[in-house]
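Heads up: the structure comes next, in structure tokens.
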Amino acid sequence: MDSRVDYQAAFQDAVEKVKSEGRYRVFADLKRIRGEFPRATWTSEAGERDVTVWCSNDYLGQGQNPVVIQAMHEAIDAVGTGSGGTRNISGTTHHHVQLEAELADLHGKEAALLFTSGYVSNEATLETLQKILPGLVIFSDALNHASMIAGIRHGGCEKHIFRHNDLVHLESLLQAFPASTPKLIAFESVYSMDGDIADLKGLADLAEKYNAMTYLDEVHAVGMYGKRGGGVAERDGLMHRIDIIEGTLGKAFGVMGGYITGSALLIDAIRSYAHGFIFTTSLPPALSAGALASVRYLKAHDEIRQLHQERAATLKRRFAEAGIPVMGSVSHIVPVLVGNPVHTKLISDMLLQDYGVYVQPINYPTVPKGTERLRFTPTPFHTDAMMDHLVKAMDALWSHCNVKRMGGVAA
């Protein structure tokens, strides 16, 4: 009897399990069209066709901003492509230094530190804090991003999960520890799947009362909230009460990368100990230059944020008027509940193939089973005509697929 492990069979079983649950993910092959955002070209077995992208995290279209594109071209022409190494070994360029200073200013902090992605900045920082603060206890919101969960887990410290946005539950957990115990409360501002926003003031009040540090993930808010795009903490006048503010360059700023901001001493400590920072090649100068141009641009153009909020509010209203079950988002995220993974993918596929509308299905494990949804992210560049087409398509498919409308009645 052959007892050797059949590795390929194991991989096949794993994939088939995902497919059987209706949550197998298929990537849409897209080519963004410069100057025509949110239009793109979709390539499939049937060939190429133009589509409208409704689920991009390039929330403000900054990836198509001529100012950002020009800055990246100029950086490539001036210094070339790659950074040449880690930040410790020849990989710190003037573009990195300028960008970190700009990000620190954006969040009202003394210093900032760049990482290769928002995922890495969360994972590396939360893990490293546990090395620097022996005995640290972390209190984490139940809906925190996977990168935050990974960083907390990898550090191995004691952790407690508080119910999402439940400050009463959080306080009951904090009360169990004396002031002498190092504590950190980790949370996000905008939660990207439901579109709700944390009570930052209430969280800061509890942190002050129980002598805890605060760690805020603003990745779905930087660039989009506050007079200069500093996020919800800026909008609410609370940046000075948050110890660490983390953000991304890959969403509203339209480029790539992640970062943290905080006191100069804190940033220096993370810089000196975080493996996710020390042992990886730094961002190419062109990306840093593009991000720098984007941050500076959005600091000076609050009207883009105002238009963005208007577009999101308009789409929510249009969906509600059509009986489409838009969820109770208070942010720019527009989630529409389907509640079944097979139906969610079916509607997504039909929107793309029949109507030229691209929105990706959101299934477990990104969201809990039974809450599968379509997540729309309207931008300042989505026109009324695009919304007319989208709402008409959604209305037709809700009836065709017999999906429940608002009020809980199937079509």
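The values are calculated or read from the model by the stated rules, or taken from the named source; none is laboratory data. Values in this document were obtained by computation on a predicted structure and should not be read as measured data. Here the Cβ positions follow ideal geometry from the backbone for every residue, glycine too, while neighbour counts run over all protein chains shown. For the accessible areas, the whole protein counts, side chains as well, though only heavy atoms, and no ligand, DNA or RNA atoms are used. Shrake-Rupley method; radii C 1.70, N 1.55, O 1.52, S 1.80 Å.
Points worth noting:
- Restricting region 237-283 to residues that are crowded, with 24+ Cβ neighbours inside 10 Å and charged (D, E, K, R), the residue that is nearest to the chain's Cα centre (by Cα): Lys251
- Between Arg34, Arg4, Arg49, Arg23, the distinction of being of a type in the set (D, E, K, R) and either assigned to a helix (DSSP H, G or I) or touching a Lys or Arg at 6+ places or on another chain (Cβ under 9 Å) (or both) belongs to Arg23 only.
- Selected residue [within 19 Å of Arg228 (Cβ to Cβ), of a type in the set (A, V, I, L, M) and assigned to a helix (DSSP H, G or I)] from Leu287, Leu292, Leu346: Leu292
- Among the residues of region 349-366, the one identified as touching a helix residue (DSSP H, G or I) at 6+ places or on another chain (Cβ under 7 Å), among the β-branched types (Val, Ile, Thr) and not in a strand (DSSP E or B) is Val359.
- Applying a threshold of 6 Å to beta carbon distances and a minimum spacing of six or more residues, or different chains, the list of pairs starting in region 47-66 at a residue that is open to solvent by less than 20 Å² (accessible area, probe 1.4 Å) and ending at one that is aromatic (Phe, Trp, Tyr) reads Val51/Trp42; Val51/Tyr358; Val53/Tyr358; Trp54/Phe376; Gly61/Phe37; Gly61/Phe381; Gln62/Phe253.
- Region 221-236 - residue that is touching a residue at least 24 places away in the same chain (Cβ under 8 Å) and basic (Lys, Arg) and, of those, surrounded by the most Cβ atoms within 10 Å (Cβ to Cβ): Arg228
- Hey, Tyr215 of a type in the set (Phe, Trp, Tyr) and either open to solvent by 40 Å² or more (accessible area, probe 1.4 Å) or without any contact (Cβ under 8 Å) to a residue 12 or more places away in the chain (or both) or not: no
- Residues satisfying the stated conditions in region 286-304, i.e. in contact (Cβ under 8 Å) with a residue 24 or more places away in the chain, charged (D, E, K, R) and over 21 Å from Thr93 (Cβ atoms): Lys299, Asp302
- Here the condition is being surrounded by fewer than 16 Cβ atoms within 10 Å (Cβ to Cβ) and part of a loop (DSSP other than H, G, I, E, B); of Lys392, Lys369, it holds for Lys369 alone.
- Taking the conditions (1) of a type outside the set (Ser, Thr, Tyr); (2) touching a residue at least 40 places away in the same chain (Cβ under 8 Å); (3) touching a helix residue (DSSP H, G or I) at 6+ places or on another chain (Cβ under 6 Å) in turn, Phe162 satisfies each one other than (2).
- Top-ranked residue of region 23-46 - restricted to ones that are acidic (Asp, Glu) and either under 21 Å from the mean Cα position of the chain (by Cα) or more than 27 Å from Ser331 (Cα to Cα) (or both), ranked as most open to solvent (accessible area, probe 1.4 Å): Glu45
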